[in-house]
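Engineer: For reference, the structure I am asking about is given below.
Please treat every number below as a calculation from the coordinates, not as lab data. Note that this is a predicted model, so its numbers are computed, not measured. Ideal geometry is used to build each Cβ from the backbone, glycine not excepted, and the neighbour counts take in all protein chains shown.
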Amino acid sequence: MSKRYAFLVDMDRCIGCRGCAMACKNFNQLAPDMVWRQVYPLDEAIYPHRERAFLSLACNHCDRPACLEACPTASYEKREDGIVVHHQETCIGCTNCIRSCPYGAPRFNSQEKHAEKCSMCYERIDAGLLPACVQACPTQALTLVDLNEIDESKYEQYPAGYPAMKRLNPSTRFILPKKPRIVRG
């Protein structure tokens, strides 16, 4: 059975440092206004505690990617290991992929006039390395897992505030933040 790579986000460990986002930007040499991975602070409506919680998100590398289905130039490729790669050189900038992705993964590069998105650093994975974002995380809140080898009952696929698009079956999994400890002074 082939691998099915996914990002695992441990929301209990994430400190919101944005090291993952900066590593992504640096490795992929993104334009100053372009981001493929973002770190979002969770609103108290989603995480009702005074301690901060964060969510690091990039492309979900879905089983049935909306971006791939919407692309008229076949600029998207889904690899056997589950990684969804966008080939910028064949992209015509129609933005169909951007409009079709409910997770906002593909972004429009206005300078280059094409779409771009996270490729899970497949070049690094193929060389036996971790994706840049995973390697940069100082707390190991972001890891790379093989969905065929983990016990998925321990992880959440659709945390509160995250679109539950079951038809697409996004691969990203989450460890939800635990209830914070009350510290008395």
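Engineer: Send over the semi-axes of segment 68-155's equivalent ellipsoid, whole angstrom and largest first, taken as the square roots of 5 times the C-alpha gyration tensor eigenvalues.
Structural biologist: Ellipsoid half-lengths, sorted descending, are 27, 15, 13 Å.
Engineer: Would you mind counting up the charge near Phe174? Only other residues with Cβ under 12 Å from its Cβ, with Lys and Arg at +1 and Asp and Glu at -1.
Structural biologist: That works out to -1.
Engineer: Can I ask one more? Can you give the FRET efficiency to the nearest 0.05 for Met22 and Asn109, using r as the Cβ-Cβ distance and R₀ = 25 Å? Could you put the intermediate results ahead of the total?
Structural biologist: Numbers: r = 18 Å, r/R0 = 0.73.
Efficiency for this residue pair is about 0.85.
Engineer: Hey, got the dipole for segment 45-132? About the Cα centre, +1 on K and R Cβ, -1 on D and E Cβ, debye to the nearest 20?
Structural biologist: 420
Engineer: At 0.36 nm per residue, and after removing the present C-alpha to C-alpha distance, how many nm does the segment from Ala74 to Asp12 gain when stretched out fully? Present the calculation step by step, with values, prior to reporting the outcome.
Structural biologist: Details: separation 62, 0.36 × 62 = 22.32 nm, distance 3.82 nm.
Here the segment from Ala74 to Asp12 would lengthen by 18.5 nm.
Engineer: At a 10 Å Cβ-Cβ cut-off, how would you order Ser153, Ser100, Ser110, Ser75, fewest neighbours first?
Structural biologist: Numbers: Ser153 5, Ser100 16, Ser110 11, Ser75 22.
In order of increasing Cβ crowding within 10 Å: Ser153, Ser110, Ser100, Ser75.
Engineer: Here's another thing I want to ask about it. Please list, ordered by chain and number, the residues whose modelled amide H lies under 5 Å from the amide H of Phe54; skip anything fewer than 5 residues away on the same chain.
Structural biologist: Placed amide hydrogens put Leu42 under 5 Å from Phe54.
Engineer: Here's a follow-up. Extension gain His87-Ala164, at 0.36 nm per residue separation less the Cα-Cα distance, in nm? Walk me through the intermediate numbers first.
Structural biologist: Numbers: separation 77, 0.36 × 77 = 27.72 nm, distance 2.69 nm.
Residue separation times 0.36 nm, minus the Cα-Cα distance, leaves 25.0 nm.
Engineer: Estimate the FRET efficiency between Leu176 and Thr139 by the formula 1/(1 + (r/R0)^6), using the beta-carbon distance for r and 25 Å for R0, to the nearest 0.05. Don't skip to the end; give the middle numbers.
Structural biologist: Details: r = 16 Å, r/R0 = 0.63.
It comes out at approximately 0.95.
Engineer: Continuing with this model, one more query. Dipole magnitude of segment 95-185 about its Cα centre, charges +1 at Lys/Arg Cβ and -1 at Asp/Glu Cβ only, in debye to the nearest 20?
Structural biologist: On the way: 13 positive and 9 negative charges, 127 e Å.
It works out to roughly 600 debye.
Engineer: Cut-off under 16 Å on the C-alpha distance; same-chain residues fewer than 8 positions from Lys78 excluded. Which aspartates and glutamates are left, in chain and number order?
Structural biologist: Answer for Lys78, where 16 Å is the Cα cut-off: Asp63, Glu69, Glu116, Glu123, Asp126, Asp146, listed by chain and number.
Engineer: Provide the FRET efficiency to the nearest 0.05 for the Ala127-Met34 pair, computing r from the beta carbons and using R0 = 30 Å.
Structural biologist: Working: r = 24 Å, r/R0 = 0.79.
Between Ala127 and Met34 the formula returns 0.80.
Engineer: Quick query: amide H of Arg4 versus all other amide H atoms, modeled in the peptide plane; which residues come in under 5 Å with a sequence gap of 5 or more or a different chain?
Structural biologist: When sequence neighbours closer than 5 places are left aside, the close amide H contacts are Leu147, Asn148.
Engineer: Next up: If you put +1 on each Lys and Arg Cβ and -1 on each Asp and Glu Cβ, how big is the dipole of the chain around its Cα centre, in Debye rounded to 20? Before the final figure, lay out each step's value.
Structural biologist: Numbers: 24 positive and 21 negative charges, 127 e Å.
The dipole of the chain has a size of about 620 debye.
Engineer: While we're looking at this one, here's another question. Could you go through segment 26-33 in sequence order and give the Karplus-derived ³J(HN,Hα) for each residue, using 6.51 cos²θ - 1.76 cosθ + 1.60 with θ = phi - 60°, rounded to whole Hz, and x for Gly and Pro?
Structural biologist: Per-residue couplings from phi come out as 5, 4, 8, 6, 6, 4, x, 8 Hz.
Engineer: Calculate one ³J(HN,Hα) per residue across segment 64-81 by plugging θ = phi - 60° into the Karplus curve 6.51 cos²θ - 1.76 cosθ + 1.60, and present them in order as whole Hz with x for glycine and proline.
Structural biologist: Each residue's phi maps through the Karplus curve to give 10, x, 5, 4, 5, 5, 8, 7, x, 10, 6, 7, 10, 9, 9, 6, 4, 8 Hz.
Engineer: Does a label point 7 Å from the Cα of Asn148, set along Cα-to-beta-carbon, have any residues of segment 74-95 with amide nitrogen under 15 Å, and which are they?
Structural biologist: Taking a point 7 Å out along Cα→Cβ of Asn148, the residues of segment 74-95 whose backbone N falls under 15 Å are 79-83.
Engineer: Hey, can you grab everything whose amide H is under 5 Å from the amide H of Cys59? Only 5+ residues off in sequence or another chain; H modelled, so Pro and N-termini drop out.
Structural biologist: Counting only residues 5 or more places away or on other chains, the set is Cys118.
Engineer: Follow-up. Can you match percent of Cα pairs over 30 Å apart to one of these, (i) 18; (ii) 34; (iii) 26, based on a calculation from the structure here?
Structural biologist: Only one listed value fits the structure, namely (i).
Engineer: Students often check this: by mean Cβ neighbours within 10 Å, which of 53-61, 77-85, 116-124 ranks highest, and how do the rest follow? Don't skip to the end; give the middle numbers.
Structural biologist: On the way: 53-61: 23.3, 77-85: 17.3, 116-124: 21.0.
Result, highest mean Cβ count within 10 Å first: 53-61, 116-124, 77-85.
Engineer: Using Cα-Cα distances under 8 Å and only pairs 6 or more residues apart, what relative contact order does the chain have, in percent? Don't skip to the end; give the middle numbers.
Structural biologist: On the way: 342 pairs, mean separation 61.6, N = 185.
It rounds to 33 percent for the chain.
Engineer: Continuing with the same structure: Past the 30 Å Cα-Cα mark, which pairs from Lys3/Lys154; Lys25/Lys113; Lys113/Lys154? Spell out each step's value before the answer.
Structural biologist: Values: Lys3/Lys154 19 Å; Lys25/Lys113 18 Å; Lys113/Lys154 41 Å.
Over 30 Å apart, Cα to Cα: Lys113/Lys154.
Engineer: Let me ask something else about it. Through the Karplus equation 6.51 cos²θ - 1.76 cosθ + 1.60, θ set to phi - 60°, convert the phi angles of segment 140-146 into ³J(HN,Hα) values in whole Hz; use x for Gly and Pro.
Structural biologist: Couplings: 6, 6, 10, 10, 9, 10, 9 Hz.
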